[in-house]
Structure formats: C-alpha cells, structure tokens
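Here's the structure, in structure tokens; my notes come after.
Every number in this text was worked out from the coordinates using simple rules, so none of it is lab data. Quick caveat: nothing in here was measured; it's all calculated off a predicted structure. For neighbour counting, all protein chains shown are included, and Cβ atoms are generated from backbone atoms with ideal geometry for every residue, glycine included.
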Amino acid sequence: MKVKEDITVNGMSCKHCVKAVTEAVKALDGVKKVKVNLEKKNALVEYDDEKTNIEAIKAAINDAGYSA
Ligand SMILES: [Cu+2]
C-alpha cells in the first residue's frame, strides 16, 4: 500500500543538505516520492509499505549524517 509520511529532519543547513537527504531516501527500494523542505525541517516521503518502512527511511537519513 502507498503511504505518505511527514518526517522531521534536523541538521540540514543548506540546499546541499536537502539534496543529500533527498538522494539518501530516494535510493531506498519502494520510495516513490521525496520532497525535502529546509525551512520546515521535514521530508515528505511517499513509499510502498510492502517494500520499505519508516524505520528504514529514518535510518537512511541518519546514515547520511542528519537526524530523523
Ligand atoms: Cu548543507
């Protein structure tokens, strides 16, 4: 099933951070859409919950050096 989550992401300070978070999340199998917002400090992620989950997405963000 397609799921939409709004994930708070701390530690982003510029558009390069936004790109890094976006690519880290996009690299996960099952992720359909990623929209990272620097001002709002969040990532709107659309994914297939049969392929991935919120924990895996947060782990990818944390592995990229940010805090989800
Ligand atoms: Cu940055």
Exercise. Using only helices, what value at 222 nm comes out for the chain when you add -39,500 (n - 2.57) per DSSP H run of length 4 or more and divide by the total residues, to the nearest 500 deg cm²/dmol?
Worked result: -10000 deg cm²/dmol
Exercise. What length, rounded to one decimal in nm, is gained on full extension from Cys14 through to Lys41, with 0.36 nm per residue of separation minus their alpha-carbon distance?
Worked result: 8.6 nm
Seminar exercise, completed: With the dipole of the chain defined by +1 on each Lys or Arg Cβ and -1 on each Asp or Glu Cβ, the option from Gly65, Ile7, Asn42 whose Cα lies farthest towards the positive pole is Asn42
Exercise. How high is the relative contact order of region 2-63, given as a whole-number percent (alpha carbon pairs under 8 Å, six or more residues apart)?
Worked result: 41
Exercise. Taking the Cα-to-Cβ direction at Asp6 and at Lys26 and moving 7 Å from each Cα, how far apart do the two end points lie in nm?
Worked result: 2.3
Seminar exercise, completed: Between the Cα axis of helix 54-63 and the main Cα principal axis of the chain, the angle (0 to 90°, nearest 10) is 30
